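Student: Sharing a structure here in structure tokens format.
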Amino acid sequence: TSMFDVLVRKIPITDVTGMTSDSISPGAIVFDVDGEEYRIDPILEEGSTDYFIIFRDATSGAGTYPPGRFLYIEKPKDGAWVVDLNKAYNPPCAFSAFTTCPLPPPQNWLKNAVPAGERYIERDKKS
């Protein structure tokens, strides 16, 4: 199960070019994997009601895009948080060198492997 710890604050998000900007995080999604507690800070993007999660895990670089993956989750209507990692996907930077993508903040680095969601195959990034 997961819960939401409300703590609205700005968190620094660095992109692939090294630029850092502050993003609004509405709190932390707190969950347990194999007895270890994890806290992931989602971002609330302007104009969106869904929460945007940038994360990496033990599969990063070994079957999934090395810098990390993206996931959107809906804010629950009944208080029950659903984080479906099967919906994790590769950012645009996985497919083109001409895009700028945010990188996961350190608190969103999971030690465990998440063998779910979109896989990654190295491609020629010149196109």
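Student: Residue by residue through the range 90-100, note down the ones that are among the polar types (S, T, N, Q) and open to solvent by less than 70 Å² (accessible area, probe 1.4 Å).
Tutor: From the range 90-100, those among the polar types (S, T, N, Q) are 90, 96, 99-100; that's our starting set.
Answer for the range 90-100, where residues must be among the polar types (S, T, N, Q) and open to solvent by less than 70 Å² (accessible area, probe 1.4 Å): ASN90, SER96, THR99.
Student: Consider the range 2-47. How many of its residues are in contact with a strand residue (DSSP E or B) (Cβ under 7 Å, 6 or more places away or on another chain) and not in a strand (DSSP E or B)?
Tutor: Going through the range 2-47 one residue at a time, the tally reaches 3.
Student: Can you tell me which residue in the range 33-52 is farthest from PRO115 (Cα to Cα), limited to those that are buried (at least 16 other Cβ atoms within 10 Å of the Cβ) and in contact with a helix residue (DSSP H, G or I) (Cβ under 7 Å, 6 or more places away or on another chain)?
Tutor: This residue is ASP41.
Conditions (1) open to solvent by less than 60 Å² (accessible area, probe 1.4 Å); (2) in contact with a Leu (Cβ under 8 Å, 6 or more places away or on another chain); (3) in contact (Cβ under 8 Å) with a residue 24 or more places away in the chain; (4) hydrophobic (A, V, I, L, M, F, W, C), marked per residue:
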{"position": "LYS87", "(1), (2), (3), (4)": "no, yes, yes, no"}
{"position": "PRO102", "(1), (2), (3), (4)": "yes, no, yes, no"}
{"position": "GLN107", "(1), (2), (3), (4)": "no, no, yes, no"}
{"position": "GLY117", "(1), (2), (3), (4)": "yes, yes, yes, no"}
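Student: Suppose the filter is part of a loop (DSSP other than H, G, I, E, B), of a type outside the set (D, E, K, R), more than 14 Å from the chain's Cα centre (by Cα) and at pLDDT 90 or above; does ALA80 pass it?
Tutor: No, not satisfied.
Student: Checking the condition in contact (Cβ under 8 Å) with a residue 24 or more places away in the chain and open to solvent by 80 Å² or more (accessible area, probe 1.4 Å), which residue from THR59, THR17 passes?
Tutor: None of the others qualify; the one that does is THR17.
Student: Take the range 20-44 and flag every residue that is under 28 Å from PHE98 (Cβ atoms) and without any contact (Cβ under 8 Å) to a residue 12 or more places away in the chain.
Tutor: THR20, SER21
The values are calculated or read from the model by the stated rules, or taken from the named source; none is laboratory data. Source: prediction; values computed, not measured. We place every Cβ from the backbone using ideal geometry, glycine too, and count neighbours over all the protein chains shown. The protein model used for the area step is the full one, side chains on, heavy atoms only, and it has no ligands, DNA or RNA in it. Shrake-Rupley method; radii C 1.70, N 1.55, O 1.52, S 1.80 Å.
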